[in-house]
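Asker: Quick one: structure below, then a few questions.
Bear in mind these aren't lab numbers, they're just calculated from the coordinates by the rules spelled out. Given the structure is predicted, the values throughout are model-derived calculations rather than measurements. Don't worry about glycine lacking a Cβ; one is built from the backbone with ideal geometry, like all the others, and counts go over all protein chains shown.
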Amino acid sequence: MILKTCLNCKFHEILDTEDEEKSHCKRENCWSEFSKCIAKRALDHFLEQDRTATIRPFSSLEVMYPRE
């Protein structure tokens with residue numbers, strides 16, 4: 001599997017395996033799908049997608065007595 005997010009990284013290389021071509025990280029010397037870089041990008045992407053537009057109350061009084 002070739003990872004699109006890795007294509008512009010200077011540490012990215014494409015290696016052939018038995019079944020397919022795969023992204024490999026030269027910096028961490030592992031398949032890119034297992035790299036810390038991809039894990040961080042995946043977490044950032046998840047948090048961005050999971051963000052709500054809810055405004056959180058700023059004080060305990062607002063929590064106890066919300067405006068109606």
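Asker: For the residue pair LEU61 and ILE2, what label-to-label distance in nm results when each label sits 7 Å from Cα along the Cα-to-beta-carbon direction?
Answerer: 6.1
Asker: If amide hydrogens are placed 1.01 Å from N in the peptide plane, which non-local residues have theirs closer than 5 Å to the one on LEU3?
Answerer: SER23
Asker: What percent does the relative contact order of the chain come to when contacts are Cα pairs within less than 8 Å and at least six residues apart?
Answerer: 19
Asker: If the cut-off is a Cα-Cα distance under 18 Å, which lysines reach LYS22, setting aside same-chain residues fewer than 8 apart in sequence?
Answerer: Result set, ordered by chain and number: LYS4, LYS10, LYS36.
Asker: Where does the charge balance sit around MET1 when Lys and Arg score +1, Asp and Glu -1, over other residues with C-beta under 11 Å from its C-beta?
Answerer: Values: positive: LYS4, LYS22; negative: ASP19, GLU20, GLU21, GLU33.
Combined, the nearby Lys, Arg, Asp and Glu give -2.
Asker: Something else: Which label marks the calculated value of P(r) over Cα pairs in 5 Å bins from 0, in percent, given the options (i) 4, 17, 28, 28, 15, 6, 2, 0; (ii) 3, 14, 18, 14, 10, 8, 6, 5, 6, 7, 5, 3, 1; (iii) 3, 10, 14, 16, 15, 14, 11, 6, 4, 3, 2, 1, 0?
Answerer: Label of the calculated value: (ii).
Asker: Whole-Hz ³J(HN,Hα) for each residue in region 36-42, computed from phi via Karplus 6.51 cos²θ - 1.76 cosθ + 1.60 with θ = phi - 60°, x for glycine and proline: what do you get?
Answerer: 5, 4, 5, 4, 5, 5, 5
Asker: As a check on your grasp of the helix formula, calculate [θ] at 222 nm for the chain: sum -39500 (n - 2.57) over DSSP H runs of n ≥ 4, divide by the residue count, round to the nearest 500. Please list the in-between numbers first.
Answerer: Working: 2 runs with 20 residues, N = 68.
The helix contribution divided over the chain gives -8500 deg cm²/dmol.
Asker: Now a separate question. Report, in debye and to the nearest 20, how large the dipole of region 4-64 comes out about its Cα centre when Lys and Arg carry +1 and Asp and Glu carry -1 on their Cβ.
Answerer: In debye, rounded to 20, region 4-64 gives about 440.
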